[in-house]
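Following: one structure in structure tokens, then a few remarks.
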Amino acid sequence: MNILVTGGAGYVGSHCVRNLCEAGHSVVVYDHLEVGHRQAVDPRARLVVGDLGDATLLGNTLSEGSFDAVMHFAALADVNESVNHPLRYYRNNVVNSIRLLEAMRDHDVKRLVFSSSCAVYGIPPAVPISEDMPKNPVNPYGRTKLAIEWAIQDSAAAWGLGATALRYFNAAGAAEDGTIGEDHDPESHLIPRVLKVALGQGEQLSIFGVDYPTPDGSCVRDYIHVEDLGDIHRMALDTQPEGCFRCYNVGTGRGVSVKELIEAAREVTGCDIPATSAPRREGDPPELYADPARAMSDLGWKPKYTEIRRTLETAWAWHRANPQGFTGT
Ligand code: UDP
């Protein structure tokens, strides 16, 4: 297939691009490189540097490519930032996704895999989280993802778009061969922050909240490896029925607390990793982990990385080899 990947230079997008290239697909990455990295783009893919807000460039790119499908990753994804700058999030995520859908409709591209998030559920009534639980996002980031899902779902009904929304939990880890990994600036995510302390790039890790109603008081999350995300994106595309909207929760099905993760990182790195209790971070639900049964039975997908230690090993290999991220390579 000819596939356009928006945000294909970003963390999850770049790993999915590699997966598609390895499966023999022809990939064009569309990315403004403000968050993503040129070095993260698989050399087998063609890179178009541009913004989704640039309707002319997007239209020209779609006209030239005769695309069978789009994978849509391009988005801002920092929960805390979304609380302070909601309109930036609505413009970047919602408005630009609508522009993409319009361009797809106008160019008759009828297959889409959308990078959604477990943030659409907000604070769930129970865990593990299944797809039919209420969607009550508690921050602007989650609300933008849900709004986009609605626009996609309505497009499926109105003009035959076939689309899958993959609601992933916490993307984690790095390519097994160490070639690409996670590099955000500023870095807000737990695993890279923990590993940066191990590398001596920070004195200690702040644990945001130790009084949550969880077994050890710290937040529980489901860390899903980026290579497993690459597999499920490709499988969703391969099996996409026409005119139909599907959604899947994508996680390992196992919750890991912040404290457990730090302990596992100490074992993997052999470093001390000092950690201290800090106040809760606004907008953080206490406990999120997936029920991935629907994705497993419908798509035949199965996560390969089910142990947090294995996921941390791949992340550690990347961070140790690239202590300054992509900019240092
Ligand atoms: N977290 C933390 N210290 C940090 C960064 C994150 O305690 O320096 C916690 C955060 O409060 C959340 C979990 O780690 O409970 C995962 O946070 P992350 O930002 O990686 O992902 P999120 O779940 O917010 O998408």
Would you mind checking which residues have amide H under 5 Å from Glu287's amide H? H placed 1.01 Å from N; only 5 or more apart, or other chain. Val220
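Would you mind calculating the gained length between Arg88 and Glu203 on full extension (0.36 nm times residue separation, minus the Cα-Cα distance), in nm to one decimal? Numbers along the way, then the final one.
Details: separation 115, 0.36 × 115 = 41.40 nm, distance 3.19 nm.
Full-extension gain reported as 38.2 nm.
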Helix 55-65 sits at what angle to the longest principal axis of the chain, using alpha carbons and giving 0 to 90 degrees rounded to 10? 70 degrees
What's the local net charge at Glu131, with K and R +1, D and E -1, over the other residues with C-beta under 10 Å away? +2
Radius of gyration and Dmax over the Cα atoms of region 104-145, both given in Å: 13.7, 42
Determine how large the accessible area of Val28 is when every protein chain is in place; take a 1.4 Å probe and give Å² rounded to the nearest 10. 20 Å²
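What is the count of Lys pairs in the chain whose alpha carbons sit under 24 Å apart, if the two are 8 or more places apart or on different chains?
Numbers: Lys110/Lys145; Lys135/Lys145; Lys196/Lys259; Lys259/Lys304.
Lysine pair count for the chain: 4.
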Everything considered on the Cα gyration tensor (a ≥ b ≥ c; rounded for a/c under 1.5, else prolate if a/b is larger than b/c, else oblate), the chain must be described as prolate
Taking θ = phi - 60°, what integer Hz values does the Karplus form 6.51 cos²θ - 1.76 cosθ + 1.60 yield along region 213-228, in sequence order, with x for Gly and Pro? x, 10, x, 10, x, 9, 5, 10, 9, 10, 8, 9, 5, 4, 6, 5
Bin by bin, in steps of 10 Å, what percent of the Cα pairs in region 1-69 do you find, going until the bin that has the longest distance? 24, 56, 20, 0
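Would you mind classifying region 65-131 by shape? Square roots of the alpha carbon gyration tensor eigenvalues, ordered a ≥ b ≥ c; an a/c under 1.5 is rounded, otherwise it is prolate if a/b is larger than b/c and oblate if not. Write out the running numbers ahead of the final one.
On the way: a/c = 3.17, a/b = 1.51, b/c = 2.10.
Here region 65-131 falls in the oblate category.
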So what's the back-of-envelope 222 nm ellipticity for the chain, counting only DSSP H runs of four-plus at -39500 (n - 2.57) apiece and dividing by all residues, rounded to 500? -11000 deg cm²/dmol
One would report the antiparallel percent of DSSP beta bridges in the chain, rounded to the nearest 5, as 5 percent
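State whether region 178-217 is rounded, prolate or oblate according to the following rule on the C-alpha gyration tensor (a ≥ b ≥ c being the square roots of its eigenvalues): a/c under 1.5 gives rounded; otherwise a/b larger than b/c gives prolate, and the remaining case gives oblate.
Details: a/c = 2.53, a/b = 1.90, b/c = 1.33.
Prolate.
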Could you give me the percent of Cα pairs per 5 Å distance bin for region 91-187, shortest bin first, beginning at zero and ending with the bin that holds the maximum distance? 3, 11, 19, 19, 17, 15, 12, 4, 0
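Reported to two decimal places, what Rg/Rh ratio describes region 269-329 when computed on Cα atoms with Rh from the Kirkwood expression? If you can, show how the numbers build up before the last one.
Values: Rg = 17.0 Å, Rh = 15.7 Å.
Using Cα coordinates only, the ratio equals 1.08.
The values are calculated or read from the model by the stated rules, or taken from the named source; none is laboratory data. The model shown is predicted, which means the values in this text are computed figures rather than measured ones. As a convention, Cβ positions derive from the backbone with ideal geometry for all residues, glycine included, and neighbour counts pool all protein chains shown. Remember, those area values only see protein heavy atoms, side chains included, never the ligands or the DNA or RNA. Shrake-Rupley method; radii C 1.70, N 1.55, O 1.52, S 1.80 Å.
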